[in-house]
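Written out below as structure tokens is the structure these notes cover.
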Ligand SMILES: [Zn+2]
Ligand SMILES: [Zn+2]
């Protein structure tokens with residue numbers, strides 16, 4: 001029996017590549033099993049995970065945020081379970097593991113990779129208790145590394161995985177409990193929650209603190225003195241030896257003392273070493289990539305892709321020294337036949353005795369370096385730029401230092417000391433292969449000690465000290481690293497979260513009002529959450545887990561205690577926290593002065609679904625502007641301001657969709673209501689302007705104001721005001737009908753490309769069709785012109801008619817129960833009641849003739865038409881029994897007679913057979929036969945011969 005060797009990698013792409021490398025000359029068969037890619041050769045099966053295929057969550061029962069039993073604090077001690085997130089992959093791994101004789105875990109080589117490996121191991125143990133499991137560790141996906149790793153496999157490092165598990169658990173309980181507490185305190189839900197995190201909150205605090213420093217900064221004036229001289233026709237600037245004068249008088253005195261001749265007192269020449277840069281660790285790489293315009297997250301994404309595809313080594317590393325085992329010459333050979341040929345030749349010819357190295361040494365991975373040859377064509381622009389940066393950095397670390405010739409010239413002018421400096425690149429060294437930092441040369445003409453020169457100009461400049469700069473993403477990552485916040489793998493993700501949660505914005509980063517409010521409130525009530533100390537402690541505990549000095553349980557328990565202490569501080573101040581955050585964040589929703597009363601108007605969100613702009617002076621001031629539902633985008637304020645209304649612009653933002661700019665909400669409001677106002681017959685441009693100036697923007701506003709107030713407000717006669725009021729009411733009624741019509745069309749017309757319901761409705765309005773009864777009566781041609789097919793138009797008409805009739809009959813007073821019977825009998829048009837004999841309607845609907853007659857009377861009255869003939873139950877019953885005695889007459893024939901108003905055999909005798917035949921569709925012969933038969937029976941029963 002052949003053995004089966006299962007290899008599990010971190011991602012599908014690494015599975016594919018590793019399979020190819022291990023197979024050597026053998027062919028790899030790739031296929032899909034259960035929707036997951038699998039690579040097979042001889043007795044080996046390789047499957048890629050998708051990073052974590054399980055995630056941690058609380059045991060069931062904790063999902064309700066407002067549960068009285070499970071408060072935010074209770075999450076600290078809630079049980080944690082693992083839930084599969086990639087079910088298909090989990091199923092396949094378990095299916096294969098059942099049959100496996102050997103499993104090799106080949107996930108990335110770091111804490112996260114070890115944890116992913118442990119998760120896979122647990123899945124395997126669920127189905128196969130005895131299979132041998134080993135671990136392959138590598139720092140680059142290249143044939144040599146991979147073959148070496150698989151021939152030197154070791155055990156899974158459970159301590160390393162436990163450190164990862166501890167971090168997962170701690171992050172979950174910190175994030176969930178505090179996020180829930182703060183969000184509930186500030187009454188925020190849905191898309192608006194306020195997230196708090198172990199690493200995230202101290203990082204945000206750094207950005208907030210920097211902003212406060214900038215705000216508190218008081219610029220100081222200082223003065224700088226310089227002069228211009230000339231040597232061999234070349235202008236040379238020299239600066240006063242006092243680089244900054246804090247005192248204006250002293251600076252001016254020095255300037256007035258500065259007088260010719262300018263004497264050269266000393267010329268000092270020297271050389272300066274310009275060190276070649278150290279190898280890239282993750283942070284160094286992110287900083288260098290930022291200079292090329294890549295955000296931290298983007299740089300890491302591209303680097304991971306290059307790693308997976310074998311072009312560079314693992315990009316998550318803290319190491320800045322190449323390990324002795326790394327074959328530097330081999331790497332040079334690998335990239336020799338590429339665009340870097342000349343650079344490689346240079347390095348080979350000038351290679352420094354040992355490569356540069358930075359301060360950080362670790363043993364997990366080597367610094368980032370190229371592992372495969374590539375070209376711009378293969379990689380595309382962005383990937384190439386990142387690859388080139390890594391390759392050139394590698395070359396720079398093997399290149400000699402650069403050397404500069406420096407010169408410093410000291411001058412004397414009337415007793416005042418001045419200096420000029422110059423620099424010239426003697427040996428470019430590493431700068432030959434690494435062009436990313438500019439070498440600024442500044443050559444000076446040759447000066448001779450004692451020579452005297454002219455002074456062409458003396459300049460006194462006044463300047464101001466500058467506040468500290470805001471953090472760029474890469475600077476922040478450096479700072480986080482210094483403070484021990486996060487890891488090389490997570491720092492850029494934390495910053496990404498701060499941006500996506502709208503806590504920070506812009507480049508460089510500045511805090512938003514919300515970011516600031518949350519930070520300040522946390523600082524006031526639970527300072528530790530925003531300080532790096534707690535998280536540094538956890539990092540050191542994780543190190544202890546890795547070194548097997550502490551257990552995971554122990555570390556998690558300590559973290560729980562820390563968190564409980566934070567809640568001890570927070571919980572008594574929930575009310576204050578609410579007020580602080582709500583007060584501070586109100587501003588970000590405040591748009592500016594209310595046009596009606598001058599108080600602020602503000603964006604309001606209701607239960608995460610609807611939103612509008614309302615006045616803060618509500619209920620005294622009822623001014624408001626409607627906004628589209630939240631599903632179309634969440635309304636936020638922008639920095640732009642309307643020059644006419646002094647209101648901030650409003651924008652609807654939705655993830656993954658281009659934002660929808662509403663602009664000035666009042667301009668928008670006026671524009672959208674203009675068209676309907678213009679439907680009022682006496683509306684004119686000047687009147688529209690006047691109405692707006694009195695904050696009447698819509699017909700609704702006019703109706704709400706009422707004729708009396710209108711007259712006073714606009715200083716017009718009561719009559720004129722009443723006229724406007726009635727017109728506005730008419731338009732409002734028309735708008736209601738139209739909106740009803742629009743809803744109907746939207747509901748019944750299947751949307752099609754180029755035929756939006758609103759477009760169809762607009763065409764209908766133009767043809768004078770404003771409501772359902774118009775539509776019911778409409779010419780099919782008009783409907784077709786509006787974009788409907790013939791069948792569709794007919795069906796739409798029929799539906800409209802039914803609804804319009806039903807509405808009319810309800811209005812007239814027909815009860816719903818009866819209405820339903822009329823509809824079922826298809827006798828639901830008001831006209832039917834007047835045209836069809838009540839006997840026929842009663843016969844078809846089963847309603848009593850009295851009821852039908854009463855309804856018919858209501859209809860006639862409403863339509864101003866004469867009421868139809870009446871009939872009663874007794875009358876009908878008598879006639880019916882007479883009819884049913886006649887052979888050949890059944891319910892069907894009866895119905896036809898009723899429709900023609902023939903309700904008794906007597907009526908039959910009185911009618912003209914020919915015209916009755918035509919009206920009922922019964923043949924004249926039959927009618928005559930029924931009559932004869934009836935007469936015979938009647939005569940017989942009365943005894944006449
Ligand atoms: Zn107001
Ligand atoms: Zn405006």
- Message: Looking at the range 631-647, I want the residues that are closer than 18 Å to residue 501 by Cβ and have a partner that is assigned to a strand (DSSP E or B) and more than 16 Å from ligand 2 (Cβ to nearest atom) with Cβ atoms under 6 Å, at least 6 apart or on another chain. Which pairs are those?
- Response: 633/652; 633/653; 633/654; 633/660; 634/653; 635/611; 635/652; 636/653
- Message: Report every pair of residues separated by at least 6 positions or lying on different chains whose Cβ atoms are under 7 Å apart, first residue within the range 583-609 and within 18 Å of residue 640 (Cα to Cα), second near ligand 1 (Cβ under 8 Å from one of its atoms) and part of a strand (DSSP E or B).
- Response: 591/601; 592/601; 594/601; 594/615; 601/615
- Could you please find all residues in the range 158-201 being surrounded by fewer than 20 Cβ atoms within 10 Å (Cβ to Cβ), farther than 29 Å from residue 610 by Cβ and touching a helix residue (DSSP H, G or I) at 6+ places or on another chain (Cβ under 6 Å)? 159, 169
- Message: Restricting to the range 568-593, and then to whatever is under 18 Å from residue 526 (Cα atoms) and crowded, with 18+ Cβ neighbours inside 10 Å, can you tell me which residue is nearest to the chain's Cα centre (by Cα)?
- Response: 581
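Output yes when any residue across the range 303-318 is out of contact with any helix residue (DSSP H, G or I) (no Cβ under 8 Å at 6 or more places or on another chain), part of a loop (DSSP other than H, G, I, E, B) and in contact (Cβ under 8 Å) with a residue 12 or more places away in the chain, and no when none is.
Checking the range 303-318: not a single residue is out of contact with any helix residue (DSSP H, G or I) (no Cβ under 8 Å at 6 or more places or on another chain), part of a loop (DSSP other than H, G, I, E, B) and in contact (Cβ under 8 Å) with a residue 12 or more places away in the chain.
Residues checked against (1) in contact (Cβ under 8 Å) with a residue 40 or more places away in the chain; (2) in a helix (DSSP H, G or I); (3) loosely packed, with under 14 Cβ neighbours inside 10 Å:
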residue: 6; (1), (2), (3): yes, no, no
residue: 17; (1), (2), (3): yes, yes, no
residue: 22; (1), (2), (3): yes, yes, no
residue: 27; (1), (2), (3): no, no, yes
residue: 47; (1), (2), (3): yes, no, no
residue: 55; (1), (2), (3): no, no, no
residue: 91; (1), (2), (3): yes, yes, no
- Yes/no for residue 887 being in contact (Cβ under 8 Å) with a residue 24 or more places away in the chain, more than 28 Å from residue 816 (Cα to Cα), more than 60 Å from the chain's Cα centre (by Cα) and not in a helix (DSSP H, G or I): yes
- Task: Mind listing whichever residues of the range 656-691 are within 11 Å of ligand 2 (Cβ to nearest atom) and out of contact with any strand residue (DSSP E or B) (no Cβ under 8 Å at 6 or more places or on another chain)?
- Result: 667, 670, 671
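Just for the range 615-647: of the residues that are within 16 Å of ligand 1 (Cβ to nearest atom) and within 10 Å of residue 664 (Cβ to Cβ), which one is surrounded by the most Cβ atoms within 10 Å (Cβ to Cβ)?
Step one: filter the range 615-647 for residues within 16 Å of ligand 1 (Cβ to nearest atom), giving 615-626, 645-647.
From what's left, within 10 Å of residue 664 (Cβ to Cβ): 645-647.
Values: 645: 18, 646: 13, 647: 26.
By that ranking, first place goes to 647.
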- Can you tell me which residue within the range 625-636, out of those that are in a strand (DSSP E or B) and more than 14 Å from ligand 2 (Cβ to nearest atom), is nearest to the chain's Cα centre (by Cα)? 634
- What is the number of the single condition among (1) on the phi < 0 side of the Ramachandran plot; (2) assigned to a loop (DSSP other than H, G, I, E, B); (3) in contact (Cβ under 8 Å) with a residue 60 or more places away in the chain that residue 486 does not meet? (1)
- Identify all residues within the range 806-817 that are touching a helix residue (DSSP H, G or I) at 6+ places or on another chain (Cβ under 7 Å), part of a helix (DSSP H, G or I) and in contact (Cβ under 8 Å) with a residue 24 or more places away in the chain; write none if there are none. 808, 809, 812
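Do the conditions hold for residue 666, that is, is it in a helix (DSSP H, G or I), within 16 Å of ligand 1 (Cβ to nearest atom) and under 19 Å from residue 613 (Cα atoms)?
Answer is yes for this residue.
Could you tell me which of the residues 803, 782 is in contact (Cβ under 8 Å) with a residue 40 or more places away in the chain, buried (at least 16 other Cβ atoms within 10 Å of the Cβ) and farther than 30 Å from residue 876 by Cα? Give the derivation first.
Numbers: 782 fails: in contact (Cβ under 8 Å) with a residue 40 or more places away in the chain.
Answer to the selection: 803.
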- Task: Taking the residues in the range 140-149 that are crowded, with 20+ Cβ neighbours inside 10 Å and touching a helix residue (DSSP H, G or I) at 6+ places or on another chain (Cβ under 6 Å) as candidates, determine which candidate is modelled with the highest pLDDT.
- Result: 146
- Query: Here are 129, 82, 118: which of them is part of a loop (DSSP other than H, G, I, E, B) and closer than 20 Å to residue 158 by Cα?
  - Reply: 129
- Filter the range 823-834 for residues that are in a helix (DSSP H, G or I) and in contact (Cβ under 8 Å) with a residue 24 or more places away in the chain; which is surrounded by the fewest Cβ atoms within 10 Å (Cβ to Cβ)? 834
- Message: Which condition from (1) under 39 Å from the mean Cα position of the chain (by Cα); (2) in a helix (DSSP H, G or I); (3) buried (at least 17 other Cβ atoms within 10 Å of the Cβ) is the one that residue 739 breaks?
- Response: (3)
- Message: I need the full set of residues from the range 594-612 which are closer than 16 Å to residue 187 by Cβ and surrounded by 15 or more Cβ atoms within 10 Å (Cβ to Cβ), in order please.
- Response: 602, 603, 604, 605, 611
- Residues that are surrounded by fewer than 13 Cβ atoms within 10 Å (Cβ to Cβ) and closer than 22 Å to residue 831 by Cβ, drawn from the range 742-779: 768, 777, 779
- Is there any pair linking a residue in the range 655-672 that is within 15 Å of residue 630 (Cα to Cα) and free of Cβ contacts under 8 Å to residues at least 60 places away in the same chain to one that is within 13 Å of ligand 2 (Cβ to nearest atom) and assigned to a helix (DSSP H, G or I), with Cβ under 7 Å and at least six apart or on different chains, and which? 662/668
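Across the range 835-863, what is the number of residues that are assigned to a loop (DSSP other than H, G, I, E, B) and either under 60 Å from the mean Cα position of the chain (by Cα) or surrounded by 15 or more Cβ atoms within 10 Å (Cβ to Cβ) (or both)?
So in the range 835-863, the residues assigned to a loop (DSSP other than H, G, I, E, B) come out as 836-837, 846-848.
Among the residues that remain, those that are also either under 60 Å from the mean Cα position of the chain (by Cα) or surrounded by 15 or more Cβ atoms within 10 Å (Cβ to Cβ) (or both) are: 836-837, 846-847.
Qualifying residue count, the range 835-863: 4.
The values are calculated or read from the model by the stated rules, or taken from the named source; none is laboratory data. Please read all numbers here as calculations on a predicted model, not as lab measurements. Cβ atoms come from the backbone with ideal geometry, glycine included; neighbour counts cover every protein chain shown.
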